[in-house]
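Only one structure is covered here, and it is reproduced in the block below.
The values are calculated or read from the model by the stated rules, or taken from the named source; none is laboratory data. Since the structure is predicted, the reported quantities are computational estimates derived from the model, not experimental observations. Reconstructed Cβ throughout: ideal geometry from the backbone, glycine too, with neighbour counts over all protein chains shown. Side chains are part of the model used for accessible areas, which takes the heavy atoms of the whole protein and leaves out ligands, DNA and RNA. Shrake-Rupley method; radii C 1.70, N 1.55, O 1.52, S 1.80 Å.
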Amino acid sequence: MRAMRAMSALPVLLAAVLRVGVTLHPYYSWTSNVGGTAVVVVPIVPPSADPHSFQPRPEDVAVLSSLDAVVENGLGHDAFLEPMLRAAGKERLPLLLPNENVPLLPGASGGANSHSFLSITASSQQIQNLAKELGHLDPPHAELYTENARVYVRRLRGLLADALRRLEGKDLSRVHIATVHDGYGYLFSELGLRVEAVVQARHGVEPSARQLADTIERIKAAHVNLLFTELGLDRSYVETIEKESGCRLRRLTHIAGGPYTPERFEKDMKANLDAIVDGVGAAAGGS
Amino acid sequence: MTVARGLRPAPASLPAMEAVERRVLPPSASREAAGVAVAVAAVVLLGAVRIATLPRAGSAPPRTAASAVLTAEDQVVYQALLVGVDAVTSMRKKSGVWPSAQALAADDVPPFAAGLLPAAARGLAWSVAANGTTADYSGVDPAGKRTAFLLRVKERERGASAEVWFRKGGSTSSAGAYPVREGWFELVALDGDTGPRP
């Protein structure tokens, strides 16, 4: 059904500038970089809200009325969008689906892992998809979108190349990784790193004391020596794990919440890659 | 006697019934034959439709989902190929010729540029065989152990289409014109999904 709606994204009679809504922070950065001056990008989730727990207000629904299209994750990460479209009477609004034909990892709770934006390679494919979708909607600017996507993907690829170069020669057999979120699987996979345990499969749900104790036991049993937590996660929770399990701790960002900027995705992904390279270096070197 | 409202009491005596005569004609041989013919035609038509919509073993290539059959490092190669199609078609458009694997590597396009892959995913030797509007980019392990890949890019009137094929267990030679006959499988992104889009 969503695919049919995406396919119905036929060229529309447009004003000079296309207004495209986005549900997630990475999509804001991607669409801004690909669209350039031909697209105005409109966040649907306010900067202060978390998409995992977003409850739309009437003013959020009203934003949809001015849009020509909306970029949708479509894998469950932005399930709030469909009810919003119905409430706004915009069921026929063209959907741009960057995840179309992207190879996806399985999710912790069944279905596909919806965090495909937490990867340079998967994001590159999505950015190319987005450029094509925008070109279908707005043919006069199709070449511009394609070229902008190419330049942007090249820049992102540079981040990945730099991280891979810095991982060269590290003894990965000494590195045993766990994360607090299964969404980072895409990122570790493209770096050739294996995640041995995910200690909190569901975002934003923190364990009970008993679950925490089990988690620490699992980390010890898997000989995990490097744990990646998330920025914004309850410090007492992760510090307890660090103290009790003795593993090193590094923090990653989910790229959710906070200001929407064109640079945000690159900046946060660089921070993620730096945290991984630094953590792996320490765990491999035994320092 | 209580009489229900709205009903008339039955008359004391009923009139004698009259016999009804009805002529029953013998079945028409021609009408029966026509009915049988219509039924047979319907069965034949439905059968033909069913056969026409069955998957054909000889023409449809076996397609399989990447996440189900590839190792983690092979999935990295597969995804890099999907992203690389854009660079291939862009260089083709600019120069008029299909870019060589070396040219793509020099332009930092993975998986042709091994430095942009994790160490475990490296080691395939890439080459191109171009034939007019089609180019086959093959990545094979010279030792014949690693999974071999084929990226087939076809130039279309508008844009290009691409297929990714693989052969597990390795191959020291590139796939021919009909990879399915040589034991190669086409990859799709996810079960039930279509292959890479133009």
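Quick grid of which residues meet (1) open to solvent by 80 Å² or more (accessible area, probe 1.4 Å); (2) in contact with a His (Cβ under 7 Å, 6 or more places away or on another chain); (3) of a type outside the set (Lys, Arg); (4) modelled with pLDDT of 65 or more:
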position: B:22; (1), (2), (3), (4): yes, no, no, yes
position: B:26; (1), (2), (3), (4): yes, no, yes, yes
position: B:37; (1), (2), (3), (4): no, no, yes, yes
position: B:45; (1), (2), (3), (4): yes, no, yes, yes
position: B:48; (1), (2), (3), (4): no, no, yes, yes
position: B:63; (1), (2), (3), (4): yes, no, no, no
position: B:75; (1), (2), (3), (4): no, no, yes, yes
position: B:85; (1), (2), (3), (4): no, no, yes, yes
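Here is a check on your reading of the model: is residue A:46 crowded, with 17+ Cβ neighbours inside 10 Å and either more than 23 Å from residue A:156 (Cα to Cα) or at pLDDT below 95 (or both)?
Criteria not met by residue A:46.
Evaluate the following for residue A:150: is it free of Cβ contacts under 8 Å to residues at least 24 places away in the same chain and in a helix (DSSP H, G or I)?
So residue A:150 passes the test.
Before we move on, is residue B:130 more than 10 Å from chain A (Cβ to nearest Cβ), of a type outside the set (Asp, Glu) and touching a helix residue (DSSP H, G or I) at 6+ places or on another chain (Cβ under 7 Å)?
For residue B:130, the condition - more than 10 Å from chain A (Cβ to nearest Cβ), of a type outside the set (Asp, Glu) and touching a helix residue (DSSP H, G or I) at 6+ places or on another chain (Cβ under 7 Å) - is not met.
With the requirement that a residue be at the interface with chain B (Cβ under 10 Å from one of its Cβ atoms) and of a type outside the set (D, E, K, R), what does region A:90-112 give you?
Those that are at the interface with chain B (Cβ under 10 Å from one of its Cβ atoms) and of a type outside the set (D, E, K, R): A:99, A:101, A:102, A:103, A:104, A:105, A:106, A:112.
If you go through region A:15-33 one residue at a time, how many are closer than 14 Å to residue A:64 by Cβ, open to solvent by less than 20 Å² (accessible area, probe 1.4 Å) and either part of a loop (DSSP other than H, G, I, E, B) or touching an Asp or Glu at 6+ places or on another chain (Cβ under 6 Å) (or both)?
The number of residues fulfilling the criteria is 1.
Check A:69, A:79, A:62, A:88 and return the single one that is open to solvent by 20 Å² or more (accessible area, probe 1.4 Å), touching a Leu at 6+ places or on another chain (Cβ under 6 Å) and of a type outside the set (S, T, N, Q).
Only one candidate passes the filter, namely A:88.
Here are some conditions: (1) in contact (Cβ under 8 Å) with a residue 24 or more places away in the chain; (2) facing chain B (nearest Cβ under 8 Å); (3) open to solvent by less than 30 Å² (accessible area, probe 1.4 Å). Residue A:157 meets all but one. Which one does it not meet?
(3)
Identify, by number, the condition in (1) open to solvent by 20 Å² or more (accessible area, probe 1.4 Å); (2) within 26 Å of residue A:194 (Cβ to Cβ) that residue A:142 doesn't meet.
Residue A:142 satisfies all of (1) open to solvent by 20 Å² or more (accessible area, probe 1.4 Å); (2) within 26 Å of residue A:194 (Cβ to Cβ) except (2).
Yes/no matrix, rows are residues, columns are (1) touching a Pro at 6+ places or on another chain (Cβ under 7 Å); (2) buried (at least 16 other Cβ atoms within 10 Å of the Cβ); (3) in a helix (DSSP H, G or I); (4) of a type in the set (Gly, Ala, Ser):
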{"position": "A:238", "(1), (2), (3), (4)": "no, yes, yes, no"}
{"position": "A:241", "(1), (2), (3), (4)": "no, yes, yes, no"}
{"position": "A:244", "(1), (2), (3), (4)": "no, no, yes, no"}
{"position": "A:251", "(1), (2), (3), (4)": "no, yes, no, no"}
{"position": "A:255", "(1), (2), (3), (4)": "yes, yes, no, no"}
{"position": "A:267", "(1), (2), (3), (4)": "no, no, yes, no"}
{"position": "A:271", "(1), (2), (3), (4)": "no, no, yes, yes"}
{"position": "A:279", "(1), (2), (3), (4)": "no, yes, yes, yes"}
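On the basis of being assigned to a strand (DSSP E or B), open to solvent by less than 50 Å² (accessible area, probe 1.4 Å) and within 17 Å of residue A:283 (Cβ to Cβ), does residue A:163 make the cut?
Here the answer is no, as residue A:163 does not meet what is asked.
In this structure, is residue A:163 among the small types (Gly, Ala, Ser) and more than 24 Å from residue A:101 (Cα to Cα)?
yes
Every residue in region A:131-154 that is more than 10 Å from every other protein chain (Cβ to nearest Cβ) and touching a Phe, Trp or Tyr at 6+ places or on another chain (Cβ under 6 Å), please.
Of everything in region A:131-154, just one residue is more than 10 Å from every other protein chain (Cβ to nearest Cβ) and touching a Phe, Trp or Tyr at 6+ places or on another chain (Cβ under 6 Å), namely A:134.
Residue check: is residue B:122 open to solvent by 50 Å² or more (accessible area, probe 1.4 Å) and at pLDDT below 90?
no
Just need a number here: residues in region B:102-113 that are surrounded by 20 or more Cβ atoms within 10 Å (Cβ to Cβ) and either away from every other protein chain (no Cβ under 12 Å) or among the β-branched types (Val, Ile, Thr) (or both).
Residues meeting the conditions: 3.
Mind checking whether some residue in region A:34-42 is at pLDDT 95 or above, in a helix (DSSP H, G or I), within 14 Å of chain B (Cβ to nearest Cβ) and touching a helix residue (DSSP H, G or I) at 6+ places or on another chain (Cβ under 8 Å)?
yes
When the residues of region A:166-195 are narrowed to those that are small (Gly, Ala, Ser) and more than 10 Å from every other protein chain (Cβ to nearest Cβ), which ends up most open to solvent (accessible area, probe 1.4 Å)?
A:173
Considering (1) assigned to a helix (DSSP H, G or I); (2) under 21 Å from residue A:142 (Cβ atoms); (3) not hydrophobic (A, V, I, L, M, F, W, C), say which one residue A:83 fails and leave the rest.
(2)
For residue B:116, indicate whether it is facing chain A (nearest Cβ under 8 Å) and free of Cβ contacts under 8 Å to residues at least 60 places away in the same chain.
Yes: the conditions hold for residue B:116.
Which is within 13 Å of another protein chain (Cβ to nearest Cβ) and crowded, with 20+ Cβ neighbours inside 10 Å, of B:166, B:149?
Every option except B:166 fails the conditions.
Here are the criteria: (1) surrounded by fewer than 12 Cβ atoms within 10 Å (Cβ to Cβ); (2) at pLDDT 85 or above. Tell me which single one residue B:54 does not satisfy.
(2)
Can you say whether residue B:172 is farther than 29 Å from residue A:160 by Cα, modelled with pLDDT of 90 or more and not small (Gly, Ala, Ser), as far as the supplied structure shows?
no
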